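Heads up: the structure comes next, in structure tokens.
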Amino acid sequence: MPVNDPASPLSVPINDLFLIVLILGGVVLLGVTAALVIFARRYRAAPDAPDPAPSFGNRRLEIAWVSIPLLLVLVLFGLSLRVAFAVEPSTAGRTPDIIVRGHQWWWEVIYPDAGVVTANEIHIPAGKQLLVRLESADVIHSFWVPELGRKKDMIPGQPNTLWLEAAHPGVYTGACSEFCGAEHAWMRLRVVADSPADFAAWERRMAAPAAAPTSDLARQGQQIFASHSCASCHAVEAGAQSPNVGPSLAHLSERATLAAGAGENTPAGLAAWLKNPEQIKPQSLMPNLNLTPDEVKALVAYLEAKP
Ligand code: CUA
């Protein structure tokens, strides 16, 4: 991604500032290096020459090397301040469009107005600036989708807000950016920017109640889900929040990944995850339930059912 062509209008001022700092820093580096080389060559002393007399109190020099860096720092401070305000428009009077809550080690994603609850994949309409409230259920995490701009910490008991916008439809990958335990590296995130029509359709599908299982296998899976205490950690009803342990599995087939990016959400990927979560994401809270191959097959049929 070229630095001057960011995926979010909110990262334009940041990228511009980066370029200015890079150029200014480059000019200073070149100037200092050139002076060093020129002076070293020009004033090279003969091996047995005596030390020159020290020189003190050159007022012009003192003023120059205090005022030039001071001016540079003041200019950069002013530019940074302007960028800080530009990328952080006021949130006064706005309620969050999306709530993202960090867990060890996955992301809970809630759309309060639409009554949608999902995990690890955030759908947004392209071209619209959304207010995201960042929360944490346990330790400090950090929300970061590099192509869409800033990162911000998710602090237990201290919600933060972040503006999120993608200029064009596309998939933007992110990651937790604050070490949060064993599987910090597998706390991946996907922001899927849809066209407004696609987003509305996605939101409608996600808010709709799941259809009753249509095959015997899926019905069997539904029973296993209830009898193996899956439901004590995972919600499956659309819009329901999980009992604070595992992600909602409502309309799971809408997601491309499992376990915050550690697995692929395909029937084979889900089967591997159910069979032995420890192999895919060691130390995650998902237990190995010692399911038989038939039970795994039934659960996959139930959970991956398309609406
Ligand atoms: Cu969550 Cu690192």
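This model, with +1 at the C-beta of Lys and Arg and -1 at the C-beta of Asp and Glu, gives the chain a dipole about its Cα centre of some 800 debye. Between SER55 and PHE179, full extension at 0.36 nm per residue minus the direct alpha carbon distance yields a gain of 39.5 nm. Can you tell me which of ILE98, ILE20, ILE38 moves the most in a GNM of the chain? Springs connect C-alpha atoms under 10 Å apart. Comparing ILE98, ILE20, ILE38 in the GNM, the peak value goes to ILE38. The packing ranking of peptides 165-174, 41-50, 70-79, highest mean first, is 165-174, 70-79, 41-50, where packing means the average number of other beta carbon atoms within 10 angstrom of each residue.
Where nothing but the Cβ of Lys and Arg (+1) and of Asp and Glu (-1) is charged, how large is the charge dipole of segment 74-186 around its Cα centre, in debye to the nearest 20?
Using Cβ point charges on Lys, Arg, Asp and Glu, segment 74-186 gives about 380 debye.
Note on segment 117-247: with charges restricted to the Cβ of Lys and Arg (+1) and Asp and Glu (-1), its dipole about the Cα centre is near 140 debye. The mean sequence distance of close C-alpha pairs (under 8 Å, at least 6 residues apart), as a share of the length of the chain, puts its relative contact order at 16 percent. The convex hull around the C-alpha trace of the chain, projected and averaged over every direction, spans 23.6 square nanometres.
Projecting the Cα atoms of SER80, GLY57, GLY102 onto the charge dipole of segment 1-140, computed from C-beta unit charges around the Cα centre, puts GLY57 farthest toward the positive end.
Each reported figure results from applying straightforward, stated rules to the coordinates on display, with no laboratory input. What you are looking at is a predicted structure, and each value in this text was computed from that prediction instead of being measured. All Cβ positions, glycine included, derive from the backbone under ideal geometry; neighbour counts span all protein chains shown.
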